[in-house]
């Protein structure tokens, strides 16, 4: 089996060999000089005049309808920290690759040099005419919350922060089915969230919006359990109001202490903290209710190994890794969400539309047959992506956020065709060696 070190070495060698992971390819025929007269001058002037008269025509007459920016300042790259915009570019390229192959979305990697939230918002706002949406990526917390809120308010296209909304939606989807597997319901389920960064703050908010009782949730950060009387509440109110507001709404019983105290009789642990193993120990799992649900989502090493959690009594275990069962991965969410949002020319994306995506993800897995080792689809089950896109497009259409409303059935067919074409194009390019074969590397 390949190790993480093997993949790392291959990634560097192959990135050098290919010179990056994506490129732009024309989508119109060019047969003679006459075609250049249509696609560029003088014909292009008429297209520009049409857009000048109605800016929304830019979605119909250019590729804007299907193009988003994957935008970051590199301040919080997963597992790497604040490495800056240039070093974040390979990650953004990888995201763009997934957007295209799994969602049929043209995504432009766009690391920017923006040290403050205000500067970030200013740059993104200036870029709005070029894009049909923005996927915010790898931005430090709590700045990411401020940037998402401000851009969502100021822009007329969808804005999504994947580390918040994508992670939260995939976690919710897995949890919906994990509850069914263990015979639990939303009402009365006690949830502990270990880690209070972008992922778990957004997850707590989404769980509450879905219907979980925030009073039955406990968040644990590096200083211990969040509660309204904790000594740092005043400073939290000033520097991280999102975390502060959750401290007020959660932990109704005002449990104090650390992870051990939080886990007593808890039904669910959602850990999105730091790589393990050993961050969560078997003795922690034994403190939980019978047949608990354990999500250990840190990468590349989960907070506790799945087999350790199972041996300690966990009934369902999920991680962020593809080599273990039940991978909770936002790659199941973001290509579909943007496919659906772009197809209806959405004006924005909300927590509620992300919940629609999560519910459809869970439904897809349930229809195939859920169990302890299958609570959420895998990235290989590409037929789930058009369905999730359709669920999002339908929600946006029903709630007045679509410029071109559609139905679930219409969007399933549209999204399936677009995604299938994107996959077919790459497969044909590989088959015809327009994409160079992967070389044998020693």
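The values are calculated or read from the model by the stated rules, or taken from the named source; none is laboratory data. Since the structure is predicted, the reported quantities are computational estimates derived from the model, not experimental observations. Using ideal geometry, Cβ is built from the backbone for each residue, glycine included, and neighbour counts are taken over all protein chains shown.
In table form, for the structure just shown:
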read-out: Selection within segment 112-130 - buried (at least 21 other Cβ atoms within 10 Å of the Cβ) and in contact with a strand residue (DSSP E or B) (Cβ under 7 Å, 6 or more places away or on another chain); value: 124
read-out: Residue 25 vs. criteria surrounded by fewer than 18 Cβ atoms within 10 Å (Cβ to Cβ), closer than 27 Å to residue 335 by Cα and either modelled with pLDDT of 95 or more or assigned by TED's automatic domain parsing to the domain that holds residue 122 (or both); value: yes
read-out: Any hit, segment 346-357, residues being free of Cβ contacts under 8 Å to residues at least 12 places away in the same chain and surrounded by fewer than 20 Cβ atoms within 10 Å (Cβ to Cβ); value: no
read-out: Segment 166-188: number of residues that are in contact with a helix residue (DSSP H, G or I) (Cβ under 8 Å, 6 or more places away or on another chain) and crowded, with 21+ Cβ neighbours inside 10 Å; value: 12
read-out: Unmet criterion (only one of (1) touching a strand residue (DSSP E or B) at 6+ places or on another chain (Cβ under 9 Å); (2) buried (at least 24 other Cβ atoms within 10 Å of the Cβ)) for residue 372; value: (2)
read-out: Counted residues, segment 104-124 - those being out of contact with any helix residue (DSSP H, G or I) (no Cβ under 6 Å at 6 or more places or on another chain) and in a helix (DSSP H, G or I); value: 4
read-out: Residue identified as in a loop (DSSP other than H, G, I, E, B) and closer than 29 Å to residue 381 by Cβ among 74, 79; value: 79
read-out: Segment 187-223, residues that are over 17 Å from the mean Cα position of the chain (by Cα) and part of a helix (DSSP H, G or I); value: 208, 209, 210, 214, 215, 216
read-out: Pairs, first part of a loop (DSSP other than H, G, I, E, B) in segment 33-47, second surrounded by 12 or more Cβ atoms within 10 Å (Cβ to Cβ), C-beta under 8 Å, six or more apart; value: 43/37
read-out: Strands (runs of 3 or more DSSP E) within segment 264-326 that include 3 or more residues surrounded by fewer than 17 Cβ atoms within 10 Å (Cβ to Cβ) and within 26 Å of the chain's Cα centre (by Cα); value: none
read-out: Qualifying positions in segment 389-404 - within 19 Å of residue 104 (Cα to Cα) and surrounded by fewer than 20 Cβ atoms within 10 Å (Cβ to Cβ); value: 404
read-out: Answer residue from segment 224-262, given it is in a loop (DSSP other than H, G, I, E, B) and under 26 Å from the mean Cα position of the chain (by Cα) and is farthest from residue 279 (Cα to Cα) among those; value: 240
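To keep it simple, each residue is scored yes or no on (1) assigned by TED's automatic domain parsing to the domain that holds residue 226; (2) at positive phi; (3) free of Cβ contacts under 8 Å to residues at least 12 places away in the same chain.
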residue: 288; (1), (2), (3): yes, no, no
residue: 291; (1), (2), (3): yes, yes, no
residue: 296; (1), (2), (3): yes, no, no
residue: 302; (1), (2), (3): yes, no, no
residue: 307; (1), (2), (3): yes, no, yes
residue: 313; (1), (2), (3): yes, yes, no
